[in-house]
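A.B. asks: Would you mind keeping the following structure in view while I ask a few things?
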Amino acid sequence: MTLDLFMIDYKFIPNHLTFQRDVHYRLHMENHGKETHEVTAPTFFGTTEIDNPRVLNREHTEVVMQPGDVKDLLLTAHKPGTYDLRCSDHDWNGMVGGITVE
Ligand SMILES: [Cu+2]
């Protein structure tokens, strides 16, 4: 399954992602903005099985997306719940969203 997550200045599109637990996903991310954005979700990334963790930053808290970047994160979520999603640079400007694992 593939889920798309696009970034513009200053929004996630969509701003909410829903994953079924124990299902493997390709989270396909594209930054269409002129600024660098982060896909920041420390609790979600910390509780999710990730096949290619090199896409994440060193702390495994976010994916840094330069303008024009296209990145795929391969993941399987196991823990149902709701998780915070934000851009750590622009959450003050409303660049926030959420993640649900069902
Ligand atoms: Cu941003």
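A.B. asks: Compute the convex hull volume of the Cα atoms of region 17-59, divide it by the residue count, and report the result per residue in Å³ as a whole number.
C.D. replies: Cα-based convex hull of region 17-59, divided per residue, equals 98 Å³.
A.B. asks: What is the percent carbon and sulfur in the accessible area of the chain, measuring with a 1.4 Å probe over the protein chains and ignoring ligands?
C.D. replies: So the carbon and sulfur contribution to the accessible surface is 49 percent.
A.B. asks: Of all beta bridges DSSP finds with both residues in the chain, what is the antiparallel percent, to the nearest 5?
C.D. replies: That works out to approximately 70 percent antiparallel.
A.B. asks: Provide Rg over Rh for region 54-102; use the alpha carbon set for both Rg and the Kirkwood Rh (inverse mean inverse pair distance).
C.D. replies: Rounded to two decimals, Rg/Rh equals 0.98.
A.B. asks: May I ask you to derive the relative contact order of region 42-101, considering only C-alpha pairs under 8 Å and at least 6 residues apart, and to give it as an integer percent?
C.D. replies: 33
A.B. asks: I've got another one for you. Once you keep just the Cα pairs under 8 angstrom separated by 6 or more residues, what percentage relative contact order results for the chain?
C.D. replies: Reported relative contact order: 35 percent.
A.B. asks: Can you tell me the accessible area per residue over the chain, all protein chains present, probe 1.4 angstrom, in square angstrom?
C.D. replies: I get 53 Å² per residue for this part.
A.B. asks: Under 17 Å between alpha carbons, and skipping anything fewer than 8 positions from K34 in its own chain: which lysines qualify?
C.D. replies: The qualifying lysines are K11, K71.
A.B. asks: How many percent of Cα pairs in the chain exceed 23 Å?
C.D. replies: 15
A.B. asks: Sorting check: for 28-41, 61-74, which peptide has the highest mean count of neighbouring beta carbons within 10 Å, and how do the rest follow?
C.D. replies: The packing order, highest mean first, is 28-41, 61-74.
The values are calculated or read from the model by the stated rules, or taken from the named source; none is laboratory data. Fair warning: this is a prediction, and the values are worked out from it, not measured in the lab. FYI the Cβ positions are ideal-geometry reconstructions off the backbone, even for glycines, and counts take in every protein chain you see. Note: accessible area is taken over every heavy atom of the protein model, side chains too, but ligands, DNA and RNA are not part of it. Shrake-Rupley method; radii C 1.70, N 1.55, O 1.52, S 1.80 Å.
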